[in-house]
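First the structure, in the form of structure tokens, and then the observations on it.
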Amino acid sequence: MKAQRTSRLILLLPASSRCGAVSISHILSLAGQFQPYQVVDVHAKVSGYIRHIYVDIGDKVHAGETLAVLEVPELDAQLKGSVSELKRSQDEISRAKHEVARAESEYSALHADYHRLKQAAAAQPGLIAQQELDDAQSKDLSSEAQVDAAKAALSAATQGADVADANRQRVRDLNNYTQVTAPLNGVIVWRYADTGALIQAGTASEVQSLPIVKVSQSDLLRLRVPVPENAVSYVHVGQQVQVRVDAVNRSFAGMVVRFTRDVSLDTRTMETEIDVPNKDLSLTPGMYANTELQLEHKSNTLTIPVTAAVRENDKQSVLVLDGQDRVQQRTIQTGVQGSELLEVTSGLSEGDRVIDGGQSKYQVGEKVTPKLKQEMADEILRQQSGDGGSQADGEDGH
């Protein structure tokens, strides 16, 4: 009689077992560098000398806060001239209105005289000389033309006033630009000029204008990480991630907000951005950080040890024991694989006993004496970016 042998087996436990739910997570660890959400070089709109500069590097500023004041004497003169020009145009409008009123009054009187003469000549032919009637009609038509001319002059004066007012507003706006303000909430990360420095207008394309300061929006940071090609399909906008910053020994909550949707031909990675709130400014742009991107996760799933599966010709199989403790072979379909556990999607049921390791020692139909072991625990497979999925560190959580 053939001797019975002892093998190691694992019992596939259901989720309600005493060991708790079995889950497998595949997490990709990525390293990146923080960048400001926005960085702006603040230029002057007009050329002038810096009269006062109120900020220096490291200062926190708010949008609309005055950073520096320029001295531009010629703008003051232009503003006074534009105001005077507008007043002159308004006086011209007033004069043109009076001229229209005078012309309309004169036209009304001459028009009435002509109609009276015309009515008298019609009532008694020959009473009014034709020459007198023609002169009255000519004056009537001439006064009507003067009314039209006066109205045209009023329209021209009104348009001239509009032009003068637009010029005054333009000069006034330019004069307001002598106060250089912060375009956003942020931190002054560099100061380029001091009091008395001549600053060229930022709109002068023929010169290389000097900025006054550089402002960085740091209350919200961008963490840019390269996602490997084989993990691109797992990246989704709105995905919550944890960001670990060793420099401050803290973890922060972040969210995937954008990615390029383009894999670099050189690195075979896709640039992905994670927004990390930084209200207390405890993080500084340029710091390195590590984040974990969850690629796959299965909860309450059927698992076996990785060593229990045998792969042959692109198929995977396991050795199981039937009710009489005899060895049987089954083909299985698998899913997520950790460092120690393997998800089984079909081919096995809970409670099946699987031979773990040394499968080549057993023959189908052979009877064995099993020793059951329970090794069910949640597992997290952490993969470092650049590993290509071939090397990974596993963690078991009990």
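The values are calculated or read from the model by the stated rules, or taken from the named source; none is laboratory data. Keep in mind that this is a model prediction, so the values were computed, not measured. Cβ atoms come from the backbone with ideal geometry, glycine included; neighbour counts cover every protein chain shown. Protein only, heavy atoms only, side chains kept; ligands, DNA and RNA dropped before computing areas. Shrake-Rupley method; radii C 1.70, N 1.55, O 1.52, S 1.80 Å.
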Residue in the stretch 208-228 that is surrounded by fewer than 13 Cβ atoms within 10 Å (Cβ to Cβ) and free of Cβ contacts under 8 Å to residues at least 60 places away in the same chain present: yes
ALA68 crowded, with 18+ Cβ neighbours inside 10 Å and either basic (Lys, Arg) or closer than 30 Å to ILE199 by Cβ (or both): yes
Of all residues in the stretch 249-263 being under 20 Å from GLY286 (Cβ atoms) and without any contact (Cβ under 8 Å) to a residue 12 or more places away in the chain, the one that is most open to solvent (accessible area, probe 1.4 Å): ASN249
Selection status of ALA201, in a helix (DSSP H, G or I) and either aliphatic (A, V, I, L, M) or farther than 28 Å from VAL61 by Cα (or both): no
Pairs with Cβ under 7 Å, 6+ apart, first in the stretch 230-248 and farther than 28 Å from THR284 by Cβ and polar (S, T, N, Q), second outside any strand (DSSP E or B) and open to solvent by 40 Å² or more (accessible area, probe 1.4 Å): ASN230/GLY389
The stretch 84-128, subset under 49 Å from the mean Cα position of the chain (by Cα) and open to solvent by less than 70 Å² (accessible area, probe 1.4 Å), residue modelled with the highest pLDDT: SER89
Residue that is most open to solvent (accessible area, probe 1.4 Å) [pool: residues in the stretch 319-353 that are under 15 Å from THR307 (Cβ atoms) and among the small types (Gly, Ala, Ser)]: SER339
Which numbered condition LEU283 misses (of (1) of a type in the set (A, V, I, L, M); (2) exposed (fewer than 13 other Cβ atoms within 10 Å of the Cβ); (3) touching a strand residue (DSSP E or B) at 6+ places or on another chain (Cβ under 8 Å)): (2)
